[in-house]
Each structure stands twice: as C-alpha cells, then as structure tokens.
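Notes follow once the structure below has been shown.
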Amino acid sequence: MIDKLEMFLALAQAKHFGRAAEIVGVTQPTLSAGIRQLEEHLGVMLVLRGSRFQGLTPEGSRALEWARQIVGDTRTMREELRSVGRKAEGLSGNLRIAAIPTALTAVSQLTTSFTAANPNMHVTIHSTSSSDILQMLDDLQIDAGVTYLDNEPLGRVVSVPMYEERYVLITRNDHALAERAQIDWAELGNVSLCLLTPVMQNRRIIAGHMAEAGVNVNPMIESDSIIVLSSHVLHGGLATILPYRAAEIFINDGPLTAIPIVNPDAHHSVGLIAPHREPYTPVLTALLSHARVFVDQ
C-alpha cells in the first residue's frame with residue numbers, strides 16, 4: 001500500500017499522470033492502476049479525471065495530508081532501522097536540502113561541517129524561494145530547508161535559528177557611493193539597482209524597508225540568482241542590496257565593496273527547518289545538531 005501512496009503523492013505534486021509516473025519510476029498505466037487500487041482500498045474517489053488530471057476530490061485533498069504523514073513516517077522508520085545495523089560505519093545515505101539564495105553561503109558552511117563528521121553522506125542542495133521550500137517539505141521532496149524564520153508563516157515545522165541577516169549595498173570600489181561608511185534606506189531611491197525577483201522573500205523584505213522609508217522599488221535588473229546580480233554590479237555599474245553573509249564571498253579582497261544600510265538597522269532570522277515528525281531520522285537528528293552549533297560562528 002505504501003507504493004500506492006507514493007504514486008498518489010507524485011500525482012498530487014506533478015498534476016500530470018505521465019510526469020508522476022516518471023517521478024516514481026513506473027509506466028503511466030501502472031501509476032493509473034495503482035491510483036485506482038488505492039481508491040478501491042479506501043472506498044472513495046481521490047482524483048478528478050477527464051482526458052487528463054483535473055485535480056483532487058475533497059476526499060483526495062484530505063487523503064493527501066494522511067499520505068504525506070504515512071509515507072514520511074515510513075521513510076523515517078526505514079532510515080532508523082537501517083541505521084541500527086551500521087552504527088559502526090557512521091551515517092550514510094542521501095540528504096536533500098533546499099535554501100533561499102541568500103543563505104547558500106551559510107548552507108555550505110553547515111554541510112561542510114556535517115559531511116566532515118559524516119563522510120559517507122551524499123548531500124544535494126537546491127536554491128529556491130521560501131514558499132517553494134515549504135511546498136517541497138510538504139511533498140517530501142527535501143529533508144530540510146534553510147529559510148527565513150520570522151517574516152512569513154512556516155506551518156508545522158521544527159526550526160533552528162542559525163544567524164541574523166543584515167543588509168548592505170554592494171557597489172564597485174569606484175562607484176560614487178563606495179567611500180560611504182553607511183547609507184540610509186531613504187537614500188536608495190536615487191541608486192540604480194539590480195535586485196532579486198519579487199517571488200523571493202528577500203526582495204519582499206527589502207521592498208518593505210524601502211517603502212517604510214518612502215522609496216519606490218524600481219530595479220533596472222531582476223534575477224533569482226545572486227551571481228547574476230553581482231555580475232551586473234561588477235560589469236554594469238549598478239548596485240544591489242544583499243545580506244552581508246551572502247555578499248561576503250564577492251567582496252573579500254575584490255573589486256566590490258559593502259556599505260551597511262541603516263535607519264533602520266534591519267535584521268531577520270534565518271535558520272534550518274524540517275518537518276515536525278518525531279522521531280527524527282538519524283541523519284536529520286545529526287543535521288539539526290550541526291545547525292544548533294552553527295549560530296553566529
């Protein structure tokens with residue numbers, strides 16, 4: 001029955017029978033048959049069908065919550081049981097983390113510490129928005145995320161604060177503002193900016209602080225990549241606003257400089273989140289422990 005629930009989760013995620021079949025590694029007829037068998041077993045229709053997937057029934061939406069819990073608990077049990085026989089070898093397996101773009105430097109520090117203690121682990125890191133991280137956790141696509149903790153609802157997760165994000169204006173060393181010791185949010189209306197796209201929570205945070213200072217947000221360039229933003233600062237004469245921790249890798253002994261943004265001296269908490277499901281797998285338990293000692297290293 002667990003395999004049928006896995007198929008159901010894949011279909012709810014992909015919203016397409018063919019793509020869902022690819023996710024679980026079966027043929028489309030096999031997936032369709034599996035979903036029908038699950039419906040017969042539960043005695044309700046889960047999926048609205050026509051010539052293609054048309055969504056979940058009300059019963060299907062409720063069943064999706066149970067499926068996530070059951071499949072998640074089953075995976076946790078498997079990991080726990082596998083770990084019993086390999087304690088002498090240490091942790092091994094796969095760990096999937098998704099992080100907001102501005103936290104990728106912090107994630108690399110966390111995973112470097114984690115893999116040093118667990119060299120048999122394989123880690124995959126995705127860069128995406130805060131809302132996508134929560135959805136990926138719900139869909140069991142990732143094991144943990146690194147995101148903002150204090151700005152938008154997180155739902156039912158366990159969280160470990162890692163650091164406080166503070167903001168700086170990044171410019172070339174020859175920019176007209178480069179020699180400033182600090183700059184007010186209210187002054188940024190006259191600066192040619194490139195910023196993250198509005199889908200990113202970092203952009204919404206920055207827009208909020210600028211709005212409070214009476215400044216309209218009208219960047220010349222938008223991107224979901226910090227590399228793209230930094231390149232436009234370096235080659236296009238623009239400036240960008242980033243958390244200092246995210247910008248640090250670009251400004252150490254290089255052609256870029258960071259100017260603290262004040263009035264207010266804004267800061268927001270970033271940390272590790274994971275599904276609130278106990279007991280945690282040994283891998284997740286170890287990752288949470290590494291996150292707790294990460295704080296403001």
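Values quoted throughout were computed directly from the atomic coordinates according to the rules given, and no laboratory measurement underlies them. These numbers come from a predicted model, not from an experiment. Note that we place each Cβ from the backbone using ideal geometry, even for glycine, and neighbour counts take in every protein chain shown.
Annotations for the structure displayed:
- Between residue 19 and residue 184, the contour length at 0.36 nm per residue exceeds the alpha carbon distance by 54.5 nm.
- Under the simplified labelling scheme, the residue 150-residue 77 pair shows an inter-label distance of 4.0 nm, with each label point 7 Å from Cα along Cα→Cβ.
- Local electrostatic count, residue 150, Cβ distance below 12 Å [Lys/Arg +1, Asp/Glu -1]: -3
- Dipole magnitude (debye, nearest 20) for segment 180-297, charges at Cβ of Lys, Arg, Asp, Glu: 240 debye
- Alpha-carbon Rg with Dmax, taken over segment 2-82, Å: 12.5, 42
- Relative to the longest principal axis of the Cα atoms of the chain, helix 226-236 runs at roughly 30 degrees.
- For a modelled paramagnetic label at residue 173, 7 Å from Cα along Cα-to-Cβ, the residues of segment 179-212 in reach, with backbone nitrogen under 16 Å, are 179-180.
- Listed residues 129, 113, 159, most fluctuating in the chain (Gaussian network, C-alpha, under 10 Å): 113
- Cα→Cβ-extended label distance, 7 Å offset, between residue 66 and residue 249, nm: 4.4 nm
- A Förster radius of 35 Å combined with the Cβ-Cβ distance from residue 112 to residue 135 puts the calculated FRET efficiency at roughly 0.80.
- Here the alpha carbons of segment 165-267 define both size measures, Rg and Dmax, at 12.1, 34 Å.
- Estimated 222 nm signal from helices in the chain, with DSSP H stretches of n ≥ 4 weighted -39500 (n - 2.57), rounded to 500: -13500 deg cm²/dmol
- For segment 188-211, backbone nitrogen atoms closer than 12 Å to the point 7 Å from residue 220 Cα along Cα-to-C-beta are found at 191-195.
- When each of the peptides 225-235, 35-45, 138-148 is scored by the mean number of other C-beta atoms lying within 10 Å of its residues, the order from highest to lowest reads 138-148, 225-235, 35-45.
- Database remark: amide H of residue 169 closer than 5 angstrom to the amide H of 259, 261 (H placed geometrically; neighbours at sequence offset of 5 or more, or on other chains; Pro and chain starts carry no H).
- Within a Gaussian network of the chain (alpha carbon springs, distance under 10 Å), most fluctuating of 221, 249, 261: 249
- Think of the chain as a dipole: +1 on every Lys or Arg Cβ, -1 on every Asp or Glu Cβ, centred on the Cα centre; then among 38, 13, 92, 38 lies furthest on the positive end.
- Surrounding net charge for residue 240, when Lys and Arg each add one and Asp and Glu each subtract one, Cβ distance under 12 Å: +1
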